[in-house]
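Notes for the one structure printed next.
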Amino acid sequence: MNVTARRLAGLLLGTLCVPSLASASDPQATHEFSLDNGLKVIVREDHRAPVVVSQLWYKVGSSYETPGQTGLSHALEHMMFKGSSKMGPGEASRVLRDLGAEENAFTSDDYTAFYQVLARDRLPVALELEADRLASLALPADEFEREIEVIKEERRLRTDDKPGALAFERFNAMAYPASGYHTPTIGWMEDLKRMKIEELRTWHEAWYAPNNATLVLVGDLTEADARQLVQHYFGAIPSRPTPPAKKPLELPEPGERRTVLHLKTQLPSLLFGFNVPGLATAAAPREAQALRLIAALLDGGYSARLPSRLERGEELVSGASANYDAFTRGDSLFVLSATPNAQKGKTLEQVEAGLWRLLDDLKQTPPSAEELERVRAQVIAGLVYERDSITSQATTIGQLETVGLSWKLMDEELSALEAVTPADVQAAARTYFTRSRLSVAHILPEEASHD
Amino acid sequence: MTERTALRRGLLGLTPLLLGALLGVAAPGALAEPVARPALESLAALNGQAPARRTLDIQSWRTAEGARVLFVPAPELPMFDLRLTFAAGSAQDGDAPGLALLTNAMLNEGVPGKDVTAIAQGFEGLGAQFGNGAYRDMAVVSLRSLSAADKRDAALDLFTRVIGQPTFPEDSLARIKNQMLASFEFQKKNPGKLAGDALFARLYGDHPYAHPSDGDEKSVPAIGVERLRAFHAKAYAAGNVVIALVGDLDRSRAEAIAAQVSKALPKGPALPRLPAPKAPEAGTQHIEFPSSQTHLMLAELGIERNDPDWPALYLGNQILGGGGFGTRLMEEVREKRGLTYGVYSGFTGMQARGPFLITLQTRAELSENTLGLVRTILADYLAGGPTQKELNDAKRETAGSFPLSTASNADIVGQLGAIGFYDLPLTYLEDFMAKVQALSVADVKAAMARHLDPNALVIVTVGPKVAQQPLPAPTEKPLEQPLAVPEH
């Protein structure tokens, strides 16, 4: 899986609600250790079902790539299924399938991760296979020739023939003028056409080292089980220096940017994006937490401001969303998207004005106690609900660690939220929702041809 | 990461084809270079036992008003899930396509004394999650809440008003209709949706499964509040629902919740069963569309959810194209030729005969030959059946993935909903597993041949008409046996 919709994945209630020590139930035992070769391991116990998820996260993704080599991390992820010293091409997947495991991988701008969900007694197989392709990836040239065609089909399916995804790719390219976040994770088609197997080999040698990875295990196992197994399968893999990885930093105020895209869509829509810090780059973490709270106030439920004011109240939009991913390696983007209510004859210009009314209101009026209490209630409950899924627990841990934050943040959500004052919300809105930080895309139906 | 496991699809009778494509990346295949490799020590060490799964204590009863209840206590987390499944899908639309979906979407738009925003504030202020959705057979309304008494009781109180006393405000209806009209506009540029709609229309003719659940731009504007009220009174009746409950509740609390829900609903019996669809006319329809890929859908009428052949068809399909990687379709179309990102097949067991579907997308200039390739793979499989090794592998996979199918409360409540809705026995999960393990090659071959005819396919293609090119030659390497996967 390729997390190309990365920036749209960061809605507060999607990422903020994670298992925790917080009030509602007993803490979930979580252990952290490292092997001598630098592999970091985090084990979270969940004994409800005899099932384990294993996720191996590498600190490499499309934001590490250079022009002309876009799509390299994602293509390497595909080729990780094409054999290693103990396995022929595709064979590891066959072995795992026969064991009833669910397995796959995903790539984003900040990470590449591989996972297996399986009955607990089968975990050693997942670890042995994962260690083998870390240490001895085969990268056969003939397999790559066919696999790059599959990747092009993936791009056609998920980007080129999907107007929304295509628009977002172009929008990102504009909204991140300085950092590697302008690169689409799947890669530009022209770069896919000229990608060489040697580039993938170099990429694997550069970044796939135990000291550049985090192994997350969640489920029905103990720390002692995990230590023994991980040491056994990964312990002998030598550590290796990796290239310097610099945080993707943006221009603080790049200036207002606007684009008009004519795509295969029937209805117009628009994207707004403000250049903002992430939790890893904010001068004070509270700034990023305030932005997360704003995203929740705008779009954290059917009673939030976007649906209640613009969708239902003014009937200005037929749909709208707000997204902010604070858990990034570098500077982030606060994104609003909206579709004008065509049946009511609303225009893109009216929708832009409506979005500005909401943003200006955040600057001028502090959120009400009642509104804040609703967000708090959802966070508290979300901390419990998230524990129902071992996969989402593992993903939260892996993402936090891989972008340079600590998994412990997931257990500190409530206090982080409660530390944000109404004045912080106003200050963040005033600082970040400015025209000099804004990118706007108008997405319009293709004009009728006149030939 | 929203993929469902193959097993969950098998048990629930859902296919990814209707739920959206799997997001796969891996590229398996049993193709291996003929070189000696060290065996996996971890695999050799497995003891060959089928794995255990989470123990489920499924309890069932009927409420005073006749609703079937399925309950599994799960005290580990301080939360519960309540899922109501009504036989109130678009198959009950009658002459108003979209009626079932609109009624379902309008439930939480108003109750006496509360408008839509007040309802949303109510749930969200408690940290509760309200959910709803309407499909062809069923309409679902769900609640997830903390189990602490103050949160639980308040959330249930609001929930029972929403399902029992919706006011269907005119202004909300107008707004939601407008949103549906906007989505119809977007759908006009979605080749996958165009293909799916055309396929169901051809497959089902005048059967109520023929039209899409969201209706169309002619039917939706004509639906008024009175239609919604009448539909609610009949299709949201206590005799027409299955109540599934999982979570931190004891039996008496679960009984009280089920009674409260059931009492809040309109009184009435289950709706009559759907008619059987007539056999469709085989053939291919092409829809011209300016995409870079061509979408291909191949279908036949499949089975009812209670069909005794379901375990054999599930297993047979796992080998053909179910669950992602390592299937015959994926091997031939993606792995050996690089023609597609994904190709999947599946039976959807429904109240009346659901579809058997194969879906894929490929670049337009190869679409006709790719379609020919897929037809050949299907015909060969139906003629020859699976190999003994394929059968053994698929059985092992099914047993191995069993624990994943009931790992979370969300998984369990979904299983209970399906067991209740399709009137399956409480031992259904174990029965299914035992039946799968008892199947022979001949059983699977015969079942597949009983239900599928390679000459009866209804095919829809959506894409641009371009000059066609020959397919690339496949890679052919000797198949290597997987290394010592233990039997169980």
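Any read-out appearing in this document is the output of simple, stated calculations on the displayed coordinates, not a laboratory observation. The structure presented is a predicted model; accordingly, all values stated were derived computationally and were not measured. All Cβ positions, even for glycine, are placed from backbone atoms using ideal geometry, and neighbour counts span all protein chains on display.
In table form, for the structure just shown:
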| quantity | calculated |
| --- | --- |
| Pairwise centroid distance, computed over Cα atoms, of segment B:385-452 with segment B:204-221, Å | 32 Å |
| Potential lengthening between A:Ala178 and A:Leu263 on full extension [0.36 nm per residue; Cα-Cα distance subtracted] | 28.0 nm |
| Rg/Rh for the protein assembly as shown, where both radii come from Cα atoms and Rh is the Kirkwood radius | 0.93 |
| Cα lying deepest toward the dipole's positive end in chain A, options A:Leu134, A:Leu200, A:Val420, charges on Cβ | A:Val420 |
| Dipole axis of segment B:216-331 (+1 Lys, Arg; -1 Asp, Glu on Cβ), positive-most option in B:Leu320, B:Pro290, B:Gln260 | B:Gln260 |
| Rounded tilt (10° steps) of A:163-175 against the dominant C-alpha axis of chain A | 90 degrees |
| Spatial separation of Cα centroids for segment A:112-178 and segment A:325-359, in angstrom | 30 Å |
| Stretchable slack from B:Glu170 to B:Ala442, in nm (0.36 nm times residue separation minus alpha-carbon distance) | 92.1 nm |
| Which listed pairs, of B:Lys189/B:Lys445; A:Lys40/A:Lys247; B:Lys189/B:Lys234; A:Lys196/B:Lys189; A:Lys59/A:Lys196, have C-alpha distances above 29 Å, in listed order | B:Lys189/B:Lys445; B:Lys189/B:Lys234; A:Lys196/B:Lys189 |
| For the protein assembly as shown, size of Cβ-based charge dipole, Lys and Arg +1, Asp and Glu -1, in debye | 860 debye |
| Segment A:257-445 - percent relative contact order, Cα under 8 Å, separation 6 or more | 40 percent |
| Exceeding the 20 Å Cα-Cα cut-off - candidates A:Lys162/B:Lys193; A:Lys344/B:Lys114; B:Lys188/B:Lys278; A:Lys264/B:Lys193 | A:Lys344/B:Lys114; B:Lys188/B:Lys278 |
| Cβ neighbours within 10 Å from other chains - mean over A:150-159 | 6 |
| For segment B:36-105, Kirkwood radius (reciprocal of mean inverse C-alpha pair distance, Å) | 17.9 Å |
| Chain A - percent relative contact order, Cα under 8 Å, separation 6 or more | 26 percent |
| Between segment A:389-435 and segment B:63-121, the alpha-carbon center distance in angstrom | 33 Å |
| Inter-chain Cβ neighbour average for residues B:187-193, partner chain, 10 Å | 4 |
| Most positive-pole-ward Cα, A:Ala213, A:Ala49, A:Gly68, against dipole of segment A:6-234 from beta carbon charges | A:Gly68 |
| Exercise: per-residue mean of other protein chain Cβ atoms within 10 Å, B:173-180 | 3 |
| Inverse mean reciprocal Cα-Cα distance (Kirkwood Rh) of chain A, Å | 23.1 Å |
| Percentage, to the nearest whole number, of Cα pairs in segment A:6-234 over 30 Å apart | 30 percent |
| Where labels lie 7 Å past Cα in the beta-carbon direction, separation of B:Gln469 and B:Ala230 in nm | 5.7 nm |
| Within-14-Å neighbourhood charge of A:Val375 [Cβ basis; K, R +1; D, E -1] | -4 |
| Computed E for B:Glu430/B:Asp95 - FRET, C-beta separation, R0 41 angstrom, nearest 0.05 | 0.45 |
| Assigned charges on the beta-carbon of Lys, Arg, Asp, Glu; chain B dipole about Cα centre (debye) | 320 debye |
| FRET efficiency, A:Leu251 to A:Glu447 (Cβ-Cβ, R0 30 Å, nearest 0.05) | 0.35 |
| DSSP loop trypsin sites (Lys or Arg not before Pro) with at most 15 other Cβ within 10 Å excluded, longest remaining stretch of chain A | A:247-451 |
| Added length on full extension, which subtracts the Cα-Cα distance from 0.36 nm per residue, A:Ala284 to A:His232 | 14.6 nm |
| Value of relative contact order over segment A:6-234, rounded to a whole percent, pairs C-alpha under 8 Å and six or more apart | 35 percent |
| Rg to Rh, two decimals, where chain B supplies the alpha carbon set and Rh follows Kirkwood | 0.98 |
| Dipole magnitude of segment A:296-338 about its Cα centre (Cβ charges: Lys, Arg +1; Asp, Glu -1), debye to nearest 20 | 80 debye |
| Under 18 Å from the Cα of A:Lys346 - lysines, other chains or at least 8 residues apart | B:Lys177 |
| B:Lys267 versus B:Ala449: modelled label distance in nm, points set 7 Å from Cα along the beta carbon direction | 5.5 nm |
| Rounded to 5, percent antiparallel among DSSP beta bridges of segment A:6-234 | 80 percent |
| Distance in nm between pseudo-label sites at A:Glu373 and B:Ala279 (7 Å out along the Cβ direction from Cα) | 6.6 nm |
| In Hz, Karplus ³J(HN,Hα) per residue of segment A:255-267 (6.51, -1.76, 1.60; θ = phi - 60°; x = Gly, Pro) | x, 5, 10, 9, 9, 10, 10, 9, 10, 6, 9, 8, 10 |
